[in-house]
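Working notes for the structure below.
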Amino acid sequence: PLAWVGQAVKLWVPNNDLDAKDGDPAAISLIRTGKEVRPRIFDGTTPLLYVWRVLSADDEPRAIGVCNLARELFQLGRGVDFASATGELITVAAAEELLQAYPGKVSRPTPGAADKGLVLPCPQPGSLRSLVERHAITLRRFEVEGKGRKAVDVFQQPPKPSFQPVSYDGVAHRALFELCALESPSSFSPGPLTSIGVLTELLRDAAANRLLEALPSQSARVECGLVGRQVEGTPRVPAEERIRIMPLPSIGHEQADQAVRRMLVEVPAGNPLRADDVFWAFSGLEVTMPSGATSVVTRADDWTMLEHYGVGGVQRFKSWRSVTPVALPAARRRIEPSRRSAEAKAAGERAAEEKLAQHAVLQALRHAGVRSPAVEVHVQREPLTSKGARAEAFASGTRFPKERLWHVEVTFRDTLEGPLVLGDGRFLGLGIMEPVRAHASVLAFGVRGGLAPGAAPRGIALAMRRAVLARYQSVLGPGKNLPSLVTGHRPDGAPVVDEPHLAFAYDEERRRVLVLVLGEVHGRKAARELAVLHRALEGMTELRAGRAGRLELVPESIDLDADPLWARSKRWTSLTPYTVNRHRDCGDAERALQVDVEASCLAANKPRPRVRVIDVRSEPNQGLTGMLELTFDVAVSGPLLLGRSRYKGGGLFCGVPSEERRGRGESLSRGEPDFGSSAPSPIP
């Protein structure tokens, strides 16, 4: 049933520590402790319903047994409320009708949404046996070991019962609508981007009025669940269970005009209104747009556009930026236009305002239910896309002053799926975020333990390659061919040439395993393959590398502008041995290495270096290898992977900072993210 939280009452009860008072019952008043009780108030005439599906006729006797046990119930849960129950077997159709007509909240299990919704422990095969065992052990949890003076009391902790966690209400009901011209329903009637707040209120109020006319008895639910107004005498609907109306600007290309042509309506499972009723209220609405044109709202069948907002695809994202500004409690100091020069803000004041806004973004993420911590937050008034609008332009017609509106870009530790809407205006079309689809050219995993002494870097790299192939295959599913981006080979077995290709390396100095994408990534196909790669490696915490050990991995981010493997430098030294591409007849092993690495640099679009051979040797089944130092006339950027084994752990070079850079303190330092600056800070 729908319920609201009552007034808290503190009860003083013994704290089960009478032994501290030598077991004297008269001393109970000395060990009482306060226990806060907060009741939940609901209509006692509305019953609680529990529905199970009987899978086969063989299960009917057990179901009848459950119904008989229900008649013996006398208490609701572990509380103090008396209760009675009945049970019966009904058809599936009758059960659905019963749930549809239920006046309260209906929670349904949502398989596959383990990290969402309300997770409850539910019985599974073996649960009853585990409860019996727990009860038996509880009866003898205090045992005496030893005899005489050596006798001691031993406490045995009973095992936890075996239950399966099941998520309820993990997936909201969604419907996509299009704003079409009244005279020509097949064409769009777009609304301006900066009027998105006014448009949202128009659509919300029109749908609410339509629901009130059709369902006058549910006026309180409409006000609370759709409009968001509190009605006296009815339970408050939590923010996470309110209906969200999200007009969607057209994005997906840098030249998209970002006009509003579509609208996503999301009805959480805990909302008091039925999703079908809400979608009916929006379908067919005729509204006058802020531009003056009349539009009709129609149900859309094509959902592919939602992928631009991170909805419906297999890809999840770490970086997000605002399409419409986020309304934050942190406001800027307002300056009268006529006194803009006289009252101009100093750099320190502006930095302080942005720092407050960045911390307000963290609070907005918490209110929106985002669990992944933010590692980088950037705020500004200017748009983050070429066709966007300044934050101030969205304030007209809304209850938010322009000083509270900020454009935001956030990078999270973990990947998220959409839709992502933040801020105080998230129910009014503000704070709509889009994912940043720039794929990282490297995935790094720090080694925190399990590394065997003397482990070979090439062995670790090959173990990482095997793990990536296996995890990628698990995402694609059995029987599907891996793409050449991952394998490095075409379907006929020939090696790929001039196409993106994964390389694997182990950076021994910084104790990290690297998965690098060599080559330029172009086209949607390669972008999808990279997205699957990121998804496959998400949550990877262990690498079994044979003799190298069982490595404990932690994902790391890299500042490509400062990391010695990527930063520009004139001098580069080998981290892993360079293997020649071909054996050249130069009469000298060192000379053969020099000629081969020069050719490799030219093939990699690098200038010809001066080569100093540090060490040279001939390895079985590999050929001529060596450790080198390369010096270029101009600074070149990394990563520098050269030679025949560059895809499998060999030929990795590290830049040597110049003395000038050392003097400026430009050596790598991994600090925590600093929210005190308006510029994006490096991710640790």
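Can you give the local net charge around S645? Use residues other than it whose beta-carbon is closer than 11 angstrom to its beta-carbon, Lys and Arg +1, Asp and Glu -1.
Once positives and negatives cancel, what remains is +3.
Using a Cα-Cα cut-off of under 17 Å, which lysines could be cross-linked to K480, ignoring same-chain neighbours fewer than 8 residues away?
K525
Could you give me the percent of Cα pairs per 10 Å distance bin for the stretch 262-326, shortest bin first, beginning at zero and ending with the bin that holds the maximum distance?
Histogram of Cα-Cα distances, whole percents per bin: 15, 34, 40, 11.
Straight distance only, please: which lysines reach the Cα of K35 with their own Cα at less than 28 Å, same-chain residues fewer than 8 apart left out?
Output for K35: K10, K21, K160.
Could you give the dipole magnitude of the stretch 440-556 about its Cα centre, charging the beta-carbon of Lys and Arg +1 and that of Asp and Glu -1, in debye to the nearest 20? It would help to have the intermediate numbers written out before the result.
Numbers: 17 positive and 12 negative charges, 76 e Å.
Its charge dipole is roughly 360 debye.
So what does log10 I(q)/I(0) come out to for the stretch 440-556 at q = 0.11 Å⁻¹, using the Debye formula with one equal point on every Cα and no solvent?
-0.36
How big is the C-alpha Rg of the stretch 57-136 next to the rule-of-thumb value 2.2 N^0.38 Å, as a ratio?
It is 1.36.
Specify the angular offset, from 0 to 90 degrees and rounded to the nearest 10, of the alpha carbon long axis of helix 196-214 from the longest principal axis of the alpha carbons in the chain.
That works out to roughly 30 degrees.
Along each of its three principal axes, how wide is the spread of alpha-carbon positions in the stretch 3-118, in whole angstrom units, largest first?
61, 34, 32
Please report Y309, Y647, Y50, Y102 as a ranked list, fewest other C-beta atoms within 10 angstrom at the top and most at the bottom.
Neighbour counts put them in this order, fewest first: Y50, Y102, Y647, Y309.
What is the magnitude of the charge dipole of the stretch 1-127 about its Cα centre, with +1 placed on the Cβ of each Lys and Arg, -1 on the Cβ of each Asp and Glu, and no other charges, expressed in debye to the nearest 20? Don't skip to the answer; put the middle values down first.
Details: 13 positive and 15 negative charges, 93 e Å.
The dipole of the stretch 1-127 has a size of about 440 debye.
Over the chain, what is the relative contact order in percent, taking alpha-carbon pairs closer than 8 angstrom and at least six residues apart?
Answer for the chain is 10 percent.
Work out the charge dipole of the chain with +1 on the Cβ of Lys and Arg and -1 on the Cβ of Asp and Glu about the Cα centre, then indicate which of G348, V13, G459 is farthest towards its positive end.
Of the options given, the answer is G459.
Give the cross-link partners of K570 among the aspartates and glutamates, using a straight C-alpha distance below 13 Å as the criterion and excluding same-chain residues fewer than 8 apart.
E629, D633, E659, E660
In units of 2.2 N^0.38 Å, what is the alpha-carbon radius of gyration of the stretch 384-465?
Working: Rg = 21.5 Å, N = 82, 2.2 N^0.38 = 11.7 Å.
Taking N as the residue count of the stretch 384-465, the ratio is 1.84.
Project the alpha carbons of the chain onto their principal axes and report the range along each, largest first, in whole Å.
Here the Cα extents, ordered largest to smallest, are 97, 93, 61 Å.
Computed from the coordinates by the stated procedures, all read-outs in this text should not be read as laboratory data. Computed from a predicted structure; not experimentally measured. Positions of Cβ are backbone-derived with ideal geometry, glycine not excepted, and every protein chain shown enters the neighbour counts.
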